[in-house]
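Data block below; observations after.
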Amino acid sequence: GATEFVGYDNNESKSKVIAIVKDGESVSSIQRSSVAKQEEFYIILDKTPFYGESGGQVGDYGFFHKEGGGTIQINNTRKPLDDFIVHEAVFTVGDVLSVGDTVKAVITEDARNATRANHSATHLMHKALRDVLGEHVTQKGSLVDATRLRFDFSNNKAVSREEISEVERRVNEVIARGGAVECKEMSPDEAIEAGAMALFGEKYGDKVRVLGIG
């Protein structure tokens, strides 16, 4: 079933373990002695603040703190299906984790904030590229993490140094202005009507988050 994602508004949550997977098999519990040091297994929660890798943005990492003692390190978070989030985990402290246990799930906040800033910057850069090079520029792929962003697009010729400088100037100008960021939920049709750009190949649900920057 779907995992409730609470990470837009929270960096931690009190969550229930609903599945544990090791070596491709679902298990009711896992003992520290049954996994090699730093060997990963997978945890699914009923709700989570951890962002599953999607839309070019890398997954969150952090820790699960088990009620009654014990800590699980989360090295990555994936979203293999819509609304289904899987945490890649290793034992840090404690002896056993079982389905039904309650954990305090806590993301590494500094990394999320840096990643969030870089993700916002990809959209600012997309806008600047379209303004400078032309409206034929559309995103063909991206990677966003805490240290950098990569933005893929097609153009009919190499981008000149002058054009790159102008794109940088426009993006930095918006960032330096420090304007408000507005977030609204609406239907995809309402979003397009309001001026949002739907990217080719992206899948959208009944509701989409629309951000207005600057």
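The values are calculated or read from the model by the stated rules, or taken from the named source; none is laboratory data. None of these values were measured; they are calculated from a predicted model. When we count neighbours, we look across all protein chains shown, and the Cβ atoms used for this are built from the backbone with ideal geometry, even at glycine. These accessible areas exclude ligands, DNA and RNA; they are computed on the full protein's heavy atoms, side chains included. Shrake-Rupley method; radii C 1.70, N 1.55, O 1.52, S 1.80 Å.
Does any residue of region 100-108 turn out to be within 14 Å of the chain's Cα centre (by Cα) and open to solvent by 20 Å² or more (accessible area, probe 1.4 Å)? Before the answer, list the steps.
Kept after step one, since they are within 14 Å of the chain's Cα centre (by Cα), are these residues of region 100-108: 107-108.
This time we only want the ones that are open to solvent by 20 Å² or more (accessible area, probe 1.4 Å), so: 108.
Among the residues of region 100-108, at least one is within 14 Å of the chain's Cα centre (by Cα) and open to solvent by 20 Å² or more (accessible area, probe 1.4 Å), which makes the answer yes.
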Self-check item: Checklist (1) modelled with pLDDT under 95; (2) β-branched (Val, Ile, Thr); (3) within 21 Å of GLY7 (Cβ to Cβ) applied to THR108, failing item
Solution: (1)
Self-check item: Filtered residues of region 1-47 (kept if at pLDDT 90 or above and hydroxyl-bearing (Ser, Thr, Tyr))
Solution: THR3, TYR8, SER13, SER15, SER26, SER28, SER29, TYR42
Practice problem: Report the residue count in region 67-83 for those that are under 18 Å from VAL21 (Cβ atoms), assigned to a strand (DSSP E or B) and in contact with a strand residue (DSSP E or B) (Cβ under 8 Å, 6 or more places away or on another chain). | Solution: 9
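If we keep just the residues of region 118-139 that are of a type in the set (Gly, Ala, Ser) and out of contact with any strand residue (DSSP E or B) (no Cβ under 9 Å at 6 or more places or on another chain), which is most open to solvent (accessible area, probe 1.4 Å)? Break it down stepwise before answering.
In the first step, residues of region 118-139 are kept if they are of a type in the set (Gly, Ala, Ser); the result is 120-121, 128, 134.
Now narrow it down to the ones that are out of contact with any strand residue (DSSP E or B) (no Cβ under 9 Å at 6 or more places or on another chain): 128, 134.
Values: ALA128: 4, GLY134: 20 Å².
Taking the candidates together, the pick is GLY134.
Conditions (1) aliphatic (A, V, I, L, M); (2) open to solvent by less than 50 Å² (accessible area, probe 1.4 Å); (3) under 21 Å from PHE91 (Cβ atoms), marked per residue:
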site: GLY1; (1), (2), (3): no, no, no
site: GLY7; (1), (2), (3): no, yes, no
site: ALA19; (1), (2), (3): yes, yes, yes
site: SER33; (1), (2), (3): no, no, yes
Practice problem: From (1) closer than 27 Å to GLU53 by Cα; (2) in contact (Cβ under 8 Å) with a residue 12 or more places away in the chain; (3) out of contact with any strand residue (DSSP E or B) (no Cβ under 7 Å at 6 or more places or on another chain), pick out the condition that doesn't hold for LYS207. | Solution: (3)
Self-check item: Whichever residue in region 140-151 is in a strand (DSSP E or B) and closer than 16 Å to VAL171 by Cα and, among such residues, is most open to solvent (accessible area, probe 1.4 Å)
Solution: ARG150
Quiz item: For region 50-68, does any single residue satisfy the condition of being open to solvent by less than 40 Å² (accessible area, probe 1.4 Å), modelled with pLDDT of 95 or more and among the acidic types (Asp, Glu)?
Solution: yes
